[in-house]
Amino acid sequence: MHVRIVALIVLSISSACFAGEMNGPMSSRKPPEQQAQTSGAQPSPPAAGTPFNTEALFATSCGWCHHNGGREAGKGPPLMGTTLSDGEIIRRIVAGSPGKMPAFSTTFNEEQLLAIVRYIRELKPK
């Protein structure tokens, strides 16, 4: 429950602060940097309860920089075994990190953010 409250707070604050830094629709097959350059519209995140595959969601949005499903470093660090708290992971996804990671402030809804955190926590070597 605590993670949900943190996620809502972070998402609300970050949406207001970073609304202009949207990286385009998740369904795009372009890396986030190219999406930001070519996307003019900022779609709303899918409604809560909309079915989605977390592994596919990760692959099409995070997998460009976090290789092998988050197990290996790419442009971004490996996520398997991270020492960040759930709140820190959500905050990083939503707000990004200047010069390191784009902000996905309005890309994911709360359910998707929590699913991504669970996915990262459950990563095991292949």
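Residues that are surrounded by fewer than 14 Cβ atoms within 10 Å (Cβ to Cβ) and among the basic types (K, R) within segment 54-92 comprise just one, K75. Residues of segment 73-107 that are under 16 Å from S61 (Cβ atoms) and assigned to a helix (DSSP H, G or I): I89, I90, R92, I93, V94, A95. From (1) within 16 Å of W64 (Cβ to Cβ); (2) touching a residue at least 60 places away in the same chain (Cβ under 8 Å); (3) not aromatic (F, W, Y), pick out the condition that doesn't hold for G87. The failed condition is (1). In segment 63-74, the residues that are farther than 16 Å from V117 by Cα and among the charged types (D, E, K, R) reach residues that are surrounded by 15 or more Cβ atoms within 10 Å (Cβ to Cβ) and at pLDDT 95 or above with C-beta atoms within less than 9 angstrom, at least six apart or across chains, in these pairs: E72/H66; E72/P78; E72/M80. Within segment 98-126, the set of residues being among the hydroxyl-bearing types (S, T, Y) and either modelled with pLDDT of 95 or more or touching a strand residue (DSSP E or B) at 6+ places or on another chain (Cβ under 7 Å) (or both) comprises Y119 only.
Would segment 108-116 turn up any residue that is in contact with a helix residue (DSSP H, G or I) (Cβ under 8 Å, 6 or more places away or on another chain), part of a loop (DSSP other than H, G, I, E, B) and in contact (Cβ under 8 Å) with a residue 60 or more places away in the chain?
yes
I'm trying to understand the selection: among the residues of segment 27-53, which are among the polar types (S, T, N, Q) and either crowded, with 17+ Cβ neighbours inside 10 Å or modelled with pLDDT of 95 or more (or both)?
Of the residues in segment 27-53, the ones among the polar types (S, T, N, Q) are 27-28, 34-35, 37-39, 42, 44, 50, 53.
Of everything in segment 27-53, just one residue is among the polar types (S, T, N, Q) and either crowded, with 17+ Cβ neighbours inside 10 Å or modelled with pLDDT of 95 or more (or both), namely Q35.
Here is the figure for segment 75-102: residues that are touching a Ser or Thr at 6+ places or on another chain (Cβ under 7 Å) and not β-branched (V, I, T) total 1.
The values are calculated or read from the model by the stated rules, or taken from the named source; none is laboratory data. Because the structure is a prediction, the values reported are computed rather than measured. Cβ sites come from the backbone with ideal geometry, for glycine too, and all protein chains shown count toward neighbours.
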